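Note sheet for the following structure.
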Protein chains: 2
Amino acid sequence: MSKVSSRFKAVCLAPVWVIGTYDRAGKPNVSTAAWVGMCCSDPPAVAVSFRKATLAYENILNRKAFTASIPSGNYIKEADYFGIASGRDTDKFADTGLTPVKSELVDAPYVQEFPFIIECKLLQQIEIGLHTQFIGEIIDVKVEEGLAEEKGRPIIEQISPLFFAPGGGFYYAAGPQIGKAFSAGKR
Amino acid sequence: MSKVSSRFKAVCLAPVWVIGTYDRAGKPNVSTAAWVGMCCSDPPAVAVSFRKATLAYENILNRKAFTASIPSGNYIKEADYFGIASGRDTDKFADTGLTPVKSELVDAPYVQEFPFIIECKLLQQIEIGLHTQFIGEIIDVKVEEGLAEEKGRPIIEQISPLFFAPGGGFYYAAGPQIGKAFSAGKR
C-alpha cells in the first residue's frame, strides 16, 4: 500500500450544520457550516468556525448565542442555498419558505422544519487564521417527535444528516448502522 | 411538527478519527476520537478533543504533533478497540496487527492500513472543561493510491469513513453522494 499527498488540505467528510443567529435588528439568519464538531462532554459543547467577513460571525459576537439545525437530505437545496447567499443581502428564511423559531433558551433562532436542533450559548472565541472558532455550550438538544426514541435519542436513519466532502464539493447522506461502539472491538 | 428535548446533549453523528501520537519513550499510540472537526481553511487546521486523563492528551502536549487516520468501515473492530484500551496498559498496534508509520513531516505515527491520513503540528490548546481541545495545523493529507482521483481528491465511496452516534453508541457508514455543494441550492 502506498499513499499520495492530496492537494486538498481538509478532512474527507464533514457534517453539514445550519447555524441560526439574530442580526442587530433582530432579523433571523441561517448560515451553512461544515467546519464544526463536538469539542467537550462537560460542559457539553460544540465548535463552529466562521470567517470574519460573514454575518454569522458578527451575529454570534453580538448575541453570544447560536443554534445548529441539522438538515435532512430532503432539505439539501435549502441547506446549500444557506451557504451560498448572505443574510446581509436577503432574508434566507423568506427566500426558502422555512420557518424561524425563537429559542426559549438562547438568543438565536432555529429552523422548525429541520429534525435535530442544538441550542448554544457562546463560551469562547478562538482566533485561528482565516476562520474564527466559536465554542458554544449546548443548553438543549431537540429532536422532532417521531424521529426520536425514548429519552429523545435521535433515530439516525430517519434524521438522515448531510455530510460535505470538501475536495470534491459534494454532499453525502448517512449510511447504514454497522456496529456498536465500545463493543465491536472488545476482546 | 413538535420537538422533544433529548437527554443526550451531543450531536447526532460525529466523524470517527484515530489519533496517532508518540509517548515519552517513543512508543506509537492510537486513540479513537469523535469530538473532532475542521476548524480553519488558512492555515488548514483541525480540532481534536481529549480528556486530560488520556495518554493522547499527554503525548500531544509533549510532542506538539498528532495524526488523524480515518478508518474504513472494514476496520470497525480495530477503531473501536483503539477507543476502549489505553496505550498506558498495552501496545494497541501490536494487539491489532496494524502498522505504525513514522510521519516524515510531524512527530507522530499514522496507521498504514487506513486510507486517509491527516498530519498535524499543534497550534493551540484550548481548555473547555472535561475535554481539552487541540488545534493542529494540517501539514499534509495523504490518501491511499487507488482511492484518490487526480490531485489526490479522496473517493468517499471507497474510503467509506465511519461515524459515531453518541446517544445510542452505534457506528454508521457514509451513504451515497446526493448532490453538488454550492450548486444544488443555486437560484
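A few comments on the model shown:
- Residues of the range B:82-99 satisfying the condition of being in a helix (DSSP H, G or I) and in contact with a strand residue (DSSP E or B) (Cβ under 8 Å, 6 or more places away or on another chain): B:Phe82, B:Gly83, B:Lys92, B:Phe93
- Taken over the range B:136-175, the criterion of being more than 29 Å from A:Pro154 (Cα to Cα) and in contact (Cβ under 8 Å) with a residue 40 or more places away in the chain is satisfied by B:Gly136, B:Glu137, B:Ile138.
- Every condition in (1) farther than 19 Å from A:Leu162 by Cα; (2) part of a helix (DSSP H, G or I) is met by A:Asn74 except one, and the failing one is (1).
- Sub-6 Å Cβ pairs linking a first residue in the range A:50-67 that is within 21 Å of B:Met38 (Cα to Cα) to a second residue that is open to solvent by 60 Å² or more (accessible area, probe 1.4 Å), at least 6 apart or interchain, are A:Arg51/A:Leu130; A:Leu55/A:Arg88; A:Ala65/A:Lys121, ordered by first then second residue.
- If the condition is being more than 7 Å from chain B (Cβ to nearest Cβ), open to solvent by less than 70 Å² (accessible area, probe 1.4 Å) and out of contact with any helix residue (DSSP H, G or I) (no Cβ under 7 Å at 6 or more places or on another chain), then the range A:130-162 contributes A:Gly136, A:Glu137, A:Ile139, A:Gly146, A:Ile155.
- Count of residues meeting criterion [of a type outside the set (Val, Ile, Thr) and assigned to a loop (DSSP other than H, G, I, E, B)] in the range B:107-133: 8
- Matching residues in the range A:37-69 - criterion: being polar (S, T, N, Q) and crowded, with 24+ Cβ neighbours inside 10 Å: A:Ser49, A:Asn59, A:Thr67, A:Ser69
- B:Glu104 passes every criterion in (1) in a strand (DSSP E or B); (2) open to solvent by 20 Å² or more (accessible area, probe 1.4 Å) apart from (1).
- Yes/no for B:Gly185 being over 18 Å from the mean Cα position of the chain (by Cα) and within 7 Å of chain A (Cβ to nearest Cβ): yes
- Selection count where residues are in contact (Cβ under 8 Å) with a residue 60 or more places away in the chain, under 18 Å from A:Ala45 (Cα atoms), more than 8 Å from chain B (Cβ to nearest Cβ) and of a type in the set (A, V, I, L, M, F, W, C), scope the range A:92-129: 3
The values are calculated or read from the model by the stated rules, or taken from the named source; none is laboratory data. What you see is a predicted model; the values in this text were computed from it and never measured. Neighbour counts are summed over all protein chains in view; Cβ atoms, including those assigned to glycine, are modelled from backbone coordinates with ideal geometry. Calculation scope for accessible area: heavy atoms of the full protein, side chains included, ligands and nucleic acids excluded. Shrake-Rupley method; radii C 1.70, N 1.55, O 1.52, S 1.80 Å.
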